[in-house]
Structures are given as structure tokens and as C-alpha cells.
Amino acid sequence: MSKDYYESLGVPKNASKEDIKKAFRVLAHKYHPDKKGGDEKKFKEVNEAYSVLSDDKKRAEYDAYGRVFSGNGGPGQNAGFDPSSGFSGFEGFDFSNFAQGFGGEGGAGFDFGVGDIFGDIFGGGRGSRVRRGRDISIDIELSFAESVFGTERRVLIRKSIACSHCHGDGGEPGTSMKTCPVCNGKGKIRETKRSFIGSFTSVHNCEECGATGKVPEKKCSVCQGAGIVRKEKEIVVKIPAGIENGEMIRLGGEGEMVAKGTPGDLYVKIHVKKHSQITKDGPNLSMDLPVKLSSALLGDEYNVSTLDGDIKIKIPEGIKHGEILRVKGKGVPVDRYHRGDLLIRIKIDLPAKLSKEAKKLVEELKKEGV
């Protein structure tokens, strides 16, 4: 006869996935074989039920046919896992939900690192990785001109760096090395853990010697054997031309140092002040130039303040409102030899009031069809 998975979890057939998950967490905690008063048989039954009902495809097959055809999880198909039989039957079991369950609802007082356990089982556990220092993030504010042309900033940061006295080795200069007493010169530490899936052994780097198997006879007098010290360091940040507001610059290896490991990175976030007249449009710079009506009609010459200093702009006769004058090579540097352009948009200033003489002149222009 087929098993009633809904009855195993104590939920109705119309139960939501969240209700199924909650029921599983409570029952898995209750029947876990490593707990006092646990029930291995019940635990396997609950796991089997959850592996089917938590999967939409398997649940649909089970509801329709009373069994599952699409993989592990059906009656007699070794669903779930056997805590006493090593690695058989992992399919269909959601270990992430399982780990959350024991830290949350119904799981108070039962805590272990499932992620750590499986990292050690399959390799690549935390202990086997090269240690890396923390990343650092700072903010730098630039003027608009600095963002266009690029600049260089020197910043003073207090952080962990390699000890200059022992060059990060942790030993007093000239001292001899001895076998690490923690790992007995192996550079690795073998550790046996017992979990709900049985006992297993993992191997990770020895933190005492940094996996070298050797430690100094006499510790460094400056860093006390740590290999790192906390000091202020001046860092040069080169700002490239044309950088945008909000962009990040990454300086590899300029973050926090960690003993017998590699340093993190330094991330610099750029904040650009706005210019009162000029804006950036890709490789080009844009600005508005107010001109008098007479200048637009008859032509004129204007002094314009740019990021390169004051330049003279010739206003052609009969220019229209909104027309753009292009000044080549006065925009954002594209590379060492090329720059974008400066785009000057003409804004014709119309007088709010006209004198009697001005009105007469306008009337004359009107008669001429201007």
C-alpha cells in the first residue's frame, strides 16, 4: 500500500508549501535520531514525505497516482537519506530549509552548521581556502573639472598591513624556524565530526603556521607574531578623465591585510559636484549661451568661460533660438590625443519692455516682413 505523506507530516491535502515546510521543520527536530528521545524510523518517514510534497512535480504525481515516478521520493525508492548509511539518498532533500528549520520554528536549542558540514564533505570548506582580508570602501568628492580632466588624490587610511619588521612572517628577523606544535609540521589539521549523516573526517589548513608546517622560535617583537600591524598608510588614487558621478574605482590589494593570507581590495566611490553652467553628455560638454536679440539678428562676438579658460565665440548673423555652435576639441578627453567637443546652445534673450524708439524700429521690421 502507498504511504500517506500528508498524514506523515500531519497536514491536509490542500496544504501550502509553506505549511508543509513548517510541519517538516517541527517533526524533523522532534524525531532527529541524534536527539534524546529521537526516532530514526519516524525521522526517515518525515524526510521521505517532505522530499515528495515539497517538489511540485513529485507532489502532482503523488496526488494523481498515489506514487512518484520522476525520481527518488516514492514508496520503496529510498527517498531521503539514512543517517546511519553514509551518503545514499540525498536526492529530494532540501538541506537549506532543513538548516533554517533548526534555527527557527520548533528548533530552538538545536544548532549546527549544515553548510559547514557539507562544505567539508565535498571539499572546498572554509579551512581549505586562502585567507583574505576585508575590503575597504571610501568616498571621494571631485569638482566638475576634476571629473572631466582626471586628477590624482592622496588619501590616508588606517588599516591592517604586513609588519615591516618581520615582513609578515611573524618571527623576529634572524630567528630559526621550528615544527608547528599544532599540526606537527603537516601544515594541515585532520578533524573528525559527527553529524546526523554519520561521522566523517575533514582536512583544513593549519591557522597557526599558515599551512607551512613551521613557526618561528622567537615571535616578532613588533607584531607579537601576528605578522600584521595596524597603521596609517597613504594611498594614491588616480582618477581617470571623464569619470561619472557614482562610479567606483577598485584598487586591488589595498584593503585590510590578514595574517598569512592575502589583502582585500579598496573601493573608491566617486561623487562629482555639479557645474553651474556646464553639463557632460558622453565625450561632449554642453552649455547655454544667452544672447541679445540684436546679436542674433546682426551677428556678434561673445566671451565664454569654459573649463579651458575664456574663449571668444562668433555669433553668426540670423542665428535661431536653440541652435548649437560646436567648438571642437574642448570637451572630455577621450584618450591621450583626442577630446570631445563643447556644444553651445543659443538662448535668445527677448526684452521684457521696449522703448518708443525700439518699438518704432520693430514696426519698421514688421513692415518688411521680418
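The values are calculated or read from the model by the stated rules, or taken from the named source; none is laboratory data. As the structure is a prediction and not an experimental result, all values here were calculated from the model. In this analysis, Cβ positions are derived from the backbone assuming ideal geometry, glycine residues included, and neighbour counts consider all displayed protein chains. Note: accessible area is taken over every heavy atom of the protein model, side chains too, but ligands, DNA and RNA are not part of it. Shrake-Rupley method; radii C 1.70, N 1.55, O 1.52, S 1.80 Å.
Observations on the structure shown:
- Taking segment 207-230 as the range and being open to solvent by less than 90 Å² (accessible area, probe 1.4 Å) and in a strand (DSSP E or B) as the test, the residues that pass are Val215, Pro216, Ile228, Val229.
- Residue in segment 14-30 that is under 25 Å from Tyr65 (Cα atoms), outside any helix (DSSP H, G or I) and open to solvent by 70 Å² or more (accessible area, probe 1.4 Å) present: yes
- Some residue of segment 192-212 being in contact with a Phe, Trp or Tyr (Cβ under 8 Å, 6 or more places away or on another chain) and among the charged types (D, E, K, R): yes
- The set of residues in segment 151-192 that are open to solvent by 60 Å² or more (accessible area, probe 1.4 Å) and among the basic types (Lys, Arg) comprises Arg153, Arg154, Arg158, Lys178, Lys186, Lys188, Arg190.
- Subset of segment 33-55 (residues that are more than 15 Å from Leu9 (Cβ to Cβ) and touching a residue at least 24 places away in the same chain (Cβ under 8 Å)): Pro33, Asp34, Lys35, Glu40
- Ser355 falls short on exactly one of the conditions (1) open to solvent by less than 30 Å² (accessible area, probe 1.4 Å); (2) at pLDDT below 95; (3) of a type in the set (Ser, Thr, Tyr), and that condition is (1).
- Condition met for Ile315 (touching a residue at least 12 places away in the same chain (Cβ under 8 Å), open to solvent by less than 80 Å² (accessible area, probe 1.4 Å) and not assigned by the TED database to the domain that holds Phe144): yes
- Any chance Leu289 is in contact with a Phe, Trp or Tyr (Cβ under 7 Å, 6 or more places away or on another chain) and open to solvent by less than 70 Å² (accessible area, probe 1.4 Å): yes
- In segment 231-277, the residues that are more than 23 Å from the chain's Cα centre (by Cα) and either in the same structural domain as Lys330 (by the TED database) or open to solvent by 40 Å² or more (accessible area, probe 1.4 Å) (or both): Lys231, Glu232, Lys233, Glu234, Val236, Ala241, Lys260, Lys273, Lys274, His275, Ser276, Gln277
- Selection from segment 288-309 of residues that are part of a strand (DSSP E or B), under 13 Å from Leu342 (Cα atoms) and of a type in the set (D, E, K, R): Asp288
- The set of residues in segment 271-303 being more than 30 Å from Glu244 (Cβ to Cβ) and aliphatic (A, V, I, L, M) consists of Val291, Leu293, Ala296, Leu297, Leu298.
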